[in-house]
Amino acid sequence: MKFRVAAVAATLAVTVLTGCGAGGGAAGGMSSPGTTTSGSAATHSGAPVVTVKNGAFSSKSLTVKTGTAVKFVFDGMGKDRFVIVGGAKSPTVSPGQSWTYVFRHPGSFTVEMNAMTYIKMKVSVK
């Protein structure tokens, strides 16, 4: 049991620290985060945090500056992936895991869940 808890903690730490490989899809990739956001997303260390829980994103829309890192937290059941439509996909996430994505280009982006595409939100990047 101790090994399993340590393995899960290590995996989660690596996932959070590396941003889950938020590589360069059409909309983003890793860069330094911006500071101005609007919408109803919570913030963590100045970056917006959006959670999926009970079949919905915690915010239906979010406006951020170019270069802003947004942390997406999965608090659903089972496993799923976050999808920037037309761009990047997160690795598979389990309840309590997160994926951080940096929006490097201006535009309007739809974020949805891979297995439940009816769960979606909009991110406007200025």
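The values are calculated or read from the model by the stated rules, or taken from the named source; none is laboratory data. Treat the numbers as computed from the prediction; the structure is a model and nothing was measured. Neighbour counts are summed over all protein chains in view; Cβ atoms, including those assigned to glycine, are modelled from backbone coordinates with ideal geometry.
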Q) Taking region 100-119 as the region of interest, how many residues are within 25 Å of Gly46 (Cβ to Cβ), surrounded by fewer than 21 Cβ atoms within 10 Å (Cβ to Cβ) and touching a residue at least 40 places away in the same chain (Cβ under 8 Å)? A) 4
Q. Inside region 42-126, counting only strands (runs of 3 or more DSSP E) that do not spill past its ends, which hold 1 or more residues that are touching a Cys at 6+ places or on another chain (Cβ under 6 Å) and at pLDDT 95 or above?
A. 98-103
Q. Of the residues Thr92, Thr66, which single one is surrounded by fewer than 19 Cβ atoms within 10 Å (Cβ to Cβ) and farther than 16 Å from Lys122 by Cα?
A. Thr92
